[in-house]
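Structure record follows, encoded as structure tokens.
The values are calculated or read from the model by the stated rules, or taken from the named source; none is laboratory data. In this text, all values refer to a predicted model and were calculated from it rather than measured experimentally. So basically every Cβ, Gly included, is an ideal-geometry build from the backbone, and we count neighbours across all protein chains shown.
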């Protein structure tokens, strides 16, 4: 992704924090069990979260007793996160770009980034994460993919709406089964982390027409469409849901947890690597 495009798209998330908080799904509880197993998070653990949004992943971490510093680019997002996390005195939300934020002198045990790390400048994100961690600390990134399943007929038909209203849409795009989604195990350029460990979970969420349109309104690609095209796209999708699916569709997600430790690869036992 070009630098200008990345900056433009990630800035779009900061524009409607209330809608984002309302519409975006959280993460499966089992993922946080995996995170605890692989990184040792728990009471007193020092966690740096990069890009918390409004706190979808921060709340489960705080409920496990972690001491969290959450660095959020968007001022409205950060303020919403503070409200959502007000009952946790051990959570501090900072408004800053992670690329520019000066970490405290005391290192963290874990750096976590849920559906946000890909928005950080790839030239510096691994180095800055490593610099924030103690020796042997872990970088945990969470990615969410939309995969084949749920209301498959709807998502196939919705492709015609995208081809009509979004000129950047490739032709004949179809959802992949979860098993065909590649693992995020590209070589790590900084040389500061060992081999990654993966855990994956598939799950589904059902949306009414209004709920699904609100979800789409939080996506960067939809938010940055020209307003007439965006309105046409959302109307086309709404008609599909109402006319062909009784006002309700189900979306299937694949959530992937990737954990890599700062230091040599042997810090993570081979037996733990790439367990689904």
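Evaluate the following for residue 112: is it buried (at least 19 other Cβ atoms within 10 Å of the Cβ) and under 14 Å from residue 48 (Cα atoms)? Criteria met by residue 112. Taking the criterion of being surrounded by fewer than 16 Cβ atoms within 10 Å (Cβ to Cβ) and within 14 Å of residue 143 (Cβ to Cβ), the residues of region 182-202 that qualify are 182, 183, 184, 185, 186. Can you confirm whether region 221-241 contains a residue that is modelled with pLDDT of 95 or more, touching a strand residue (DSSP E or B) at 6+ places or on another chain (Cβ under 9 Å), surrounded by 15 or more Cβ atoms within 10 Å (Cβ to Cβ) and not in a strand (DSSP E or B)? Among the residues of region 221-241, at least one is modelled with pLDDT of 95 or more, touching a strand residue (DSSP E or B) at 6+ places or on another chain (Cβ under 9 Å), surrounded by 15 or more Cβ atoms within 10 Å (Cβ to Cβ) and not in a strand (DSSP E or B), which makes the answer yes. Here is the figure for region 242-255: residues that are farther than 15 Å from residue 148 by Cα, touching a helix residue (DSSP H, G or I) at 6+ places or on another chain (Cβ under 9 Å) and either without any contact (Cβ under 8 Å) to a residue 24 or more places away in the chain or not in a helix (DSSP H, G or I) (or both) total 2.
Restricting region 58-79 to residues that are in a helix (DSSP H, G or I) and under 17 Å from the mean Cα position of the chain (by Cα), the residue that is nearest to residue 94 (Cα to Cα) is 78. Checking each residue in region 70-81 for being surrounded by fewer than 17 Cβ atoms within 10 Å (Cβ to Cβ) and within 16 Å of residue 59 (Cβ to Cβ) picks out only 79.
Every condition in (1) closer than 16 Å to residue 52 by Cβ; (2) at pLDDT below 95 holds for residue 122 except the one numbered (1).
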